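Student: Pasting a structure here, questions to come.
The values are calculated or read from the model by the stated rules, or taken from the named source; none is laboratory data. Quick caveat, the model's predicted, so the values are computed rather than measured. Cβ placement follows ideal geometry from the backbone for every residue including glycine, while neighbour counts extend to all protein chains displayed.
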Amino acid sequence: MDTGLGQVGTPTVTQLGRKKKNRRRGDKRDEARRTLANNTTGASGEYKTTARFRTANLPEGLRAGDIPTRDVIDKLNILGNVEGTLVLLDSSNGQPVALLRVTLLAGMSPEERADCQKLATFFHSVPGTVYPVGSNGPHKAAKKAAKTSTGNPSPNARSAPARFRPRVNNIPRSVHAGYMYAIGWRRGYETLVRLGLYKPAMYASMAEDKMRQVFENFIRVHEELPDIADIYRRRFNTLAPLLLKHNESNFKGSNIPSLSNVYDTTLRTGYLAASNLTITMRDFYNMFHTDRDSTTYTYGIWIHTYEDGSGLVERDEDVVKGITGGEFFLSEWKTAIRFQRAALYEIIWRGPCDLHGTAPSTTKGNVLRWGSSVQVASSLEQAAATLAAGPSSLIAGLDDRIHDAEHLLGDGDEDEGDDGDDEDEGDDEDDGDEGNEPSWHFGQQDHAKDDPPRRNPERAVKTFAAGRYVFEVELESDEPGDMEIDNDDPNDLDYVDM
């Protein structure tokens, strides 16, 4: 029956015109968003819009302080299985939320593959050279939850002290919630020191030959660090050059040190606009958090290697069979990135702005997943601001760290009791070794090996030098695993992304 309105279910001419007009408007809107994103990031690739959850409407399992579970993960938009570059845009204003680039090993240029292999070798050299981070709020909360739960997210987890955990090629076995390491610059925790490199993993009960090995590895790792920083800078620049320039604006006219220079705060040509590099492994995960970073955009790299050090994982099936879980989340944007390819994964996200975190994972076999990110902690930027009127001796660079270690080795009575955990930007400075207020004494020294500072042999003491000064701090224990800061505040969420 003809009603004059056309056949039932068939749109009228007027309706078709409206749809066509709306489609044109949508195309123009999408084009405007792509142009805005390109002008903001400098990135080229596929563009995808997504709506942000209001904080009050976030479902359970995606809120700040939550640890993602499998049922939550399956409800999100999963990315990471397709090679190429994806720019995630805010549907309300077209601003970039995150960028993802997946580069398969099979299709890499020789130069890219050489960079990946260099990163893999470097990552394997960090454990045992610096201490695992123990004071990062999001990771501490995950470790505490894992230890108190009935289930164990990692079949290789160990509750024994670090010195008793088995190692494979110097890589420690899993603990609850995995490992995080930090290398590069952090705010100063020593008297008179404003900025300094993370210290080597040397402590009093360590045998002298082992201490010398750690010392040599520490020097080698830091001599390689500028080349590693250059890889991050080049990759960041090819992915989103304008976002890199945005981060570089923080460095101009400041005393913020770069990973490209391990000696002082001088910015060299082609520097990376980041002060520290965090590295995670062994089924690392944490709770949803935002970062206390001064850099708006955080850049991260994920790769897979074989545990025995034989190189990069080349086959997708080895990754899938070897590791289950471990997705990286942007919970407010209903997005998770799954690492299931034999590829180099690169992600840029707004660490201080958007809730993010890493899901629990289970590893089987001879595969390691390494996550990493580069950033500048707000606490370091604040410390750098105090250097404006201060002498260079307030910076403890590689030369100072080498001198500190040589001083200890020359003493013949190694007394370095530093655990590295209380030096991370993950907690406020006043946390320290709670219930164990340090007793400092210092004076001018000429650093003569035959006249080192003396200590009471009945005390556990750590000794270090800064410029013309030598310091000692009394500790309750000389075993790093016994001196972890106990900060159970889940709201103390600091710079580390992962």
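Rundown of residues vs (1) more than 18 Å from the chain's Cα centre (by Cα); (2) of a type in the set (S, T, N, Q), yes/no style:
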{"position": "TYR181", "(1), (2)": "no, no"}
{"position": "TYR189", "(1), (2)": "yes, no"}
{"position": "LEU197", "(1), (2)": "no, no"}
{"position": "GLN213", "(1), (2)": "yes, yes"}
{"position": "PRO226", "(1), (2)": "no, no"}
{"position": "LYS245", "(1), (2)": "yes, no"}
{"position": "GLY253", "(1), (2)": "yes, no"}
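Student: So, one more: Do we have ILE395 as closer than 27 Å to GLY134 by Cβ and modelled with pLDDT of 95 or more here?
Tutor: no
Student: Then there's this: Of these, GLU332, GLU317, which one is part of a helix (DSSP H, G or I) and touching a residue at least 60 places away in the same chain (Cβ under 8 Å)?
Tutor: Of the residues listed, the single one that is part of a helix (DSSP H, G or I) and touching a residue at least 60 places away in the same chain (Cβ under 8 Å) is GLU332.
Student: Could you give me the residue pairs with C-beta distances under 6 Å whose first residue belongs to the stretch 218-246 and is among the small types (Gly, Ala, Ser), whose second residue is surrounded by 21 or more Cβ atoms within 10 Å (Cβ to Cβ) and not in a helix (DSSP H, G or I) wherever it lies, and which are 6+ apart or on separate chains?
Tutor: Close Cβ pairs satisfying both conditions: ALA229/LEU259; ALA229/SER260; ALA229/LEU272; ALA240/ALA43; ALA240/LEU99; ALA240/ILE348.
Student: Here's a follow-up. Have a look at GLY365, GLY357, GLY351 and point out the one that is in a loop (DSSP other than H, G, I, E, B), among the small types (Gly, Ala, Ser) and surrounded by 23 or more Cβ atoms within 10 Å (Cβ to Cβ).
Tutor: GLY351
For (1) touching a residue at least 12 places away in the same chain (Cβ under 8 Å); (2) surrounded by 23 or more Cβ atoms within 10 Å (Cβ to Cβ); (3) not small (Gly, Ala, Ser), each residue gets a yes or a no:
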{"position": "ASN261", "(1), (2), (3)": "yes, no, yes"}
{"position": "ASP264", "(1), (2), (3)": "yes, no, yes"}
{"position": "THR269", "(1), (2), (3)": "no, no, yes"}
{"position": "ALA274", "(1), (2), (3)": "yes, yes, no"}
{"position": "LEU277", "(1), (2), (3)": "yes, yes, yes"}
{"position": "PHE284", "(1), (2), (3)": "yes, yes, yes"}
{"position": "ASP291", "(1), (2), (3)": "yes, yes, yes"}
{"position": "THR296", "(1), (2), (3)": "yes, no, yes"}
{"position": "GLU307", "(1), (2), (3)": "yes, no, yes"}
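Student: Kindly list, by first and then second residue, each pair from a residue in the stretch 100-117 that is under 22 Å from TYR47 (Cβ atoms) to a residue that is part of a helix (DSSP H, G or I), limited to pairs with Cβ atoms under 6 Å and residues at least 6 apart or on different chains.
Tutor: ARG101/LEU239
Student: Would you mind finding the one in ARG23, ARG18, ARG63, ARG29 that is surrounded by fewer than 17 Cβ atoms within 10 Å (Cβ to Cβ), out of contact with any strand residue (DSSP E or B) (no Cβ under 8 Å at 6 or more places or on another chain), modelled with pLDDT of 85 or more and not aliphatic (A, V, I, L, M)?
Tutor: ARG63
This table checks each residue for (1) modelled with pLDDT under 95; (2) not hydrophobic (A, V, I, L, M, F, W, C); (3) not in a loop (DSSP other than H, G, I, E, B).
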position	(1), (2), (3)
LEU259	no, no, no
THR269	yes, yes, no
THR278	no, yes, yes
ASP283	yes, yes, no
MET287	yes, no, no
ILE301	no, no, yes
HIS304	no, yes, yes
ASP308	yes, yes, no
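Student: Please determine, by comparing only the residues of the stretch 192-208 that are assigned to a loop (DSSP other than H, G, I, E, B) and within 19 Å of ASP400 (Cβ to Cβ), which one is modelled with the lowest pLDDT.
Tutor: LEU192
Student: For the stretch 100-111, does any single residue satisfy the condition of being at pLDDT 80 or above, in a helix (DSSP H, G or I), among the polar types (S, T, N, Q) and in the same structural domain as SER361 (by TED's automatic domain parsing)?
Tutor: Looking through the stretch 100-111, none of the residues is at pLDDT 80 or above, in a helix (DSSP H, G or I), among the polar types (S, T, N, Q) and in the same structural domain as SER361 (by TED's automatic domain parsing).
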